[in-house]
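The values are calculated or read from the model by the stated rules, or taken from the named source; none is laboratory data. From a predicted model like this one, the values you see are computed outputs, not experimental measurements. When we count neighbours, we look across all protein chains shown, and the Cβ atoms used for this are built from the backbone with ideal geometry, even at glycine. Side chains are part of the model used for accessible areas, which takes the heavy atoms of the whole protein and leaves out ligands, DNA and RNA. Shrake-Rupley method; radii C 1.70, N 1.55, O 1.52, S 1.80 Å.
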Amino acid sequence: MRKALRWLLALTVLIGTMSTAGAATAAEPEATGTTDIKERLLSVPGMSLVEEKPYTGYRFFVLNYTQPVDHRRPSEGTFQQRITVLHKDTARPTVFYTGGYSVSTTPRRAEPTQIVDGNQVSMEYRFFTPSRPEPADWSKLDIWQAASDQHRIFKALKKIYAENWISTGGSKGGMTATYYERFYPRDMDGVVAYVAPNDVVNREDSAYDRFFRTVGTQECRDRLNGVQREALVRRAPLKKKYEAAAAENGYTFDTIGSLDRAYEAVVLDYVWGFWQYSTLADCEQIPADAKNATDDEIWTSIDTISGFSFYTDQGLSPYTPYYYQAGTQLGAPTIHFPHIEKKYIRYGYQPPRNFVPRSIDMDFEPWAMRDVDSWVRHNATHMLFVYGENDPWGAEPFRVGHGARDAYVFTAPGMNHGANVAGLVAEEKALATARILDWADVTPAKVRENPAAAKPLAKFDAKLDKRDVERQRTLRP
């Protein structure tokens with residue numbers, strides 16, 4: 001592996017000498033005599049300003065962009081899609097980011113944006129509020145329609161940001177960046193997909209069971225399994241606490257069907273949720289002797305990691321678009337619990353259908369993910385996939401095959417669902433950074449000469465570069 005990495009780094013030198021490189025620049029105003037960037041953005045047909053927020057060294061815009069509900073029949077209605085633009089300089093490359101859910105209206109910079117010292121366009125995924133058509137025709141929520149949203153935004157903004165573009169996203173956002181590349185492979189100059197699940201065959205999920213048998217340490221697994229089992233053994237008294245919390249907060253359970261179903265769903269999310277968000281060091285916070293722990297200790301541990309508010313109607317509602325897609329195209333994991341006797345499990349891992357109002361029709365398309373997986377294996381070009389060693393979602397990753405070119409799959413040791421390039425081992429970190437710089441066409445001369453010296457062009461900003469692990473538990477990548 002080390003020999004292969006050294007060879008790839010040497011290849012990077014050769015590739016780097018074939019492209020022109022731009023040096024990192026401080027944020028600069030538009031050249032004297034040119035139109036202000038806000039005016040240029042608002043000159044795009046269908047673009048309107050929601051607000052502009054100040055941030056040192058940048059200009060940050062929250063915008064609405066008019067999109068067709070159906071890209072195949074654009075005359076049959078439109079909706080307003082929320083996007084943001086973190087503007088640095090039109091002479092810099094641009095990173096196209098999506099988290100696959102709602103978009104943050106607080107200035108944030110994705111890791112590739114810091115690496116290339118560029119602009120960032122962020123898109124809210126269709127059907128997440130407020131980017132939802134009214135009335136909502138849910139059949140128009142699919143991966144091709146969403147990729148077409150990105151394609152249309154790219155075409156509109158490429159006239160302003162003419163330098164290289166890289167798409168990126170984490171989790172469902174990493175999936176989104178991958179699907180976009182599959183349907184519009186000529187748009188982007190590179191793709192960086194973080195912790196992107198790849199559920200090729202929805203009914204075959206044994207990879208997740210294998211993951212949970214070996215992740216972390218035996219001591220940590222025993223602690224987590226013990227608390228999870230004990231929460232089901234003590235279902236009766238802990239459900240009373242849940243009922244009291246529901247009454248106090250006005251929680252209802254119409255979508256999932258009952259408080260009892262919601263209780264079990266939260267408990268069965270517990271072990272997955274721990275590994276998705278936490279690290280091995282956090283095991284010290286898990287009760288070591290679950291059988292002798294108090295009800296409050298068991299409740300608090302489950303609630304802290306899984307969240308008893310989630311499977312309420314109020315908790316599920318913002319995620320309806322995700323669960324709809326999981327139940328129609330993306331697929332969803334099913335795992336088993338060999339450490340818990342069957343008599344304690346009433347419903348098992350519930351399918352996405354249980355988390356979407358019954359008024360919304362759902363039919364699963366098993367070919368959708370097979371198509372994407374095959375395309376990535378045989379056609380991936382300028383693509384980087386980053387996974388976390390201890391992240392359950394990485395149990396079914398994307399892979400690149402013989403037809404792929406300049407494409408990589410790396411795993412960050414010990415990291416969870418927040419895995420990134422910075423967390424890779426040194427050689428892979430340097431290679432990944434060097435490739436991102438090259439795809440963006442901003443490789444410094446010293447990196448062309450020595451790819452191992454590759455590092456982000458922009459300094460780390462603790463506020464702008466805040467790397468949150470989004471709270472998306474099991475069934476929510």
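Worth pointing out:
- Over 25 Å (Cα to Cα) - which of Lys53/Lys463; Lys155/Lys459; Lys241/Lys343; Lys88/Lys459; Lys38/Lys155 fall in this group: Lys155/Lys459
- Pairwise alpha-carbon distances in region 94-203 exceed 21 Å for 33% of all pairs.
- Rounded to the nearest 20, the Cβ-based charge dipole of the chain about its Cα centre (Lys and Arg +1, Asp and Glu -1) stands at 600 debye.
- Using C-alpha pairs under 8 Å with a sequence gap of at least 6, the mean separation divided by the residue count of region 364-421 gives a relative contact order of 40 percent.
- A full extension of the chain between Trp367 and Gln285 corresponds to an added length of 25.3 nm, given 0.36 nm per residue minus the alpha carbon distance.
- With all pairs of separate Cα atoms included, the chain yields a Kirkwood hydrodynamic radius of 23.5 Å.
- Rg in Å to one decimal, and Dmax rounded to a whole Å, for region 59-98 via C-alpha atoms: 13.5, 37
- Rounded accessible area per residue of the chain, 1.4 Å, Å²: 42
- Summary value for the chain: 20 percent relative contact order, contacts being C-alpha pairs under 8 angstrom separated by 6+ residues.
- Rolling a 1.4 angstrom probe over region 221-351 with all protein chains present gives an accessible area of which 48% lies on carbon and sulfur atoms.
- Glu219/Tyr347 FRET efficiency (R0 22 Å; Cβ-Cβ; nearest 0.05): 0.15
- Between 0 and 90°, nearest 10: helix 218-233 axis offset from the chain longest Cα axis: 50
- With both labels modelled 7 Å from their Cα along Cα-to-Cβ, the Asn292 to Asp209 distance reads 3.4 nm.
- What the Cα convex hull of region 309-391 gives, in volume per residue, is 172 Å³.
- Filtered trypsin sites (Lys or Arg not before Pro), region 108-180: DSSP coil and at most 14 other beta carbons within 10 Å: Lys159
- P(r) of region 269-426 over all Cα-Cα pairs, binned every 10 Å from zero, in whole percent: 9, 26, 34, 23, 7, 1
- Axis angle, to the nearest 10 degrees, between helix 235-249 and the longest C-alpha principal axis of the chain: 60 degrees.
- Shown here is the pair-distance distribution of region 156-263: with all Cα-Cα distances grouped in 10 Å bins from zero up to the longest one, the shares run 11, 21, 23, 24, 15, 6, 0 percent.
- Rounded to two decimals, the Cα-based Rg/Rh of region 351-477, with Kirkwood Rh, is 1.05.
- Heavy-atom accessible surface of region 114-205: percent carbon and sulfur, 1.4 Å: 47
- Accessible-area composition of region 376-477, carbon plus sulfur, in percent [1.4 Å probe]: 50
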